[in-house]
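Just below is one structure, and these are the notes that go with it.
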Amino acid sequence: MRTFTAALATVGLTLVAAPCFAQEFSNQKDLAVSVDRLFGFHFSHLDRDTPNTDFDASSFQLGWRGRTLTPFEVPRAAIDYFVIDHLSIGGAIGIGSYGGDADGSDFLFAPRVGYVWNLADWAAFWLRGGLTFHTQSQPNEHGFAFTADPTFVLSPAQHVGFLLGFSFDQDLVGKTDAGPGPDQNQHYRDFAIVQAGMLVWF
């Protein structure tokens, strides 16, 4: 119990003291390197033309794991550069693999732009959005989606932050080769809450 109380007190003091030593995020020429979507609760949807498929699922994600319903649940590494104060351009790359009856892998690339509103020396709101291209090897499929990441940046120390927010991904176009005949139209949608990651900036 004492250990838990001491840990809780340490976290509390860190958050209270953060404004004293954290440097404001999103200055011009800042380079942010992050690991996104390490943790989150996902609500996913899949629809496919033939055979007619309309499927919903929910899941909890913690770190890299096996096959998921949508490719958007894959954690990713990202780089963002602030071209002027508060305005960023960048992108993320995600890679996943899975085994079992059908070994395969996922790959996605997500260029994006973002804008930051600083709420305090230690807190900011970062609205990021862009497009995500994703592929999967088994079955062979690919898609092109709209992506939005409204995220809070909480900085307990200089140049270090934790990301906490939401994410939304919706396929605009998608195809899958899931059987004989021509490729089929397919679309994924994913909405996640308590979406978490980590960030450093220079």
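The values are calculated or read from the model by the stated rules, or taken from the named source; none is laboratory data. Computed from a predicted structure; not experimentally measured. As a convention, Cβ positions derive from the backbone with ideal geometry for all residues, glycine included, and neighbour counts pool all protein chains shown. Quick note on the areas: whole protein, heavy atoms, side chains included, nothing else; ligands and nucleic acids left out. Shrake-Rupley method; radii C 1.70, N 1.55, O 1.52, S 1.80 Å.
See the values below:
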{"read-out": "Candidates His187, His159, filtered to the one that is farther than 30 Å from Glu24 by Cβ and at pLDDT 90 or above", "value": "His187"}
{"read-out": "Hits in segment 164-178 (condition: closer than 15 Å to Ala110 by Cβ and open to solvent by 50 Å² or more (accessible area, probe 1.4 Å))", "value": "Phe168, Leu172"}
{"read-out": "Flag for Leu131 being surrounded by fewer than 18 Cβ atoms within 10 Å (Cβ to Cβ) and either aliphatic (A, V, I, L, M) or not in a strand (DSSP E or B) (or both)", "value": "yes"}
{"read-out": "Answer from Gly161, Gly143, Gly104 - the residue that is in contact (Cβ under 8 Å) with a residue 60 or more places away in the chain, under 23 Å from Asn185 (Cβ atoms) and open to solvent by less than 80 Å² (accessible area, probe 1.4 Å)", "value": "Gly143"}
{"read-out": "Residues that are touching a Pro at 6+ places or on another chain (Cβ under 8 Å) and either part of a strand (DSSP E or B) or more than 29 Å from Glu141 (Cα to Cα) (or both), drawn from segment 168-196", "value": "Thr176, Asp177, Tyr188"}
{"read-out": "Strands (runs of 3 or more DSSP E) fully within segment 1-107 counting 1 or more residues that are modelled with pLDDT under 90 and not aromatic (Phe, Trp, Tyr)", "value": "31-48, 53-62, 87-98"}
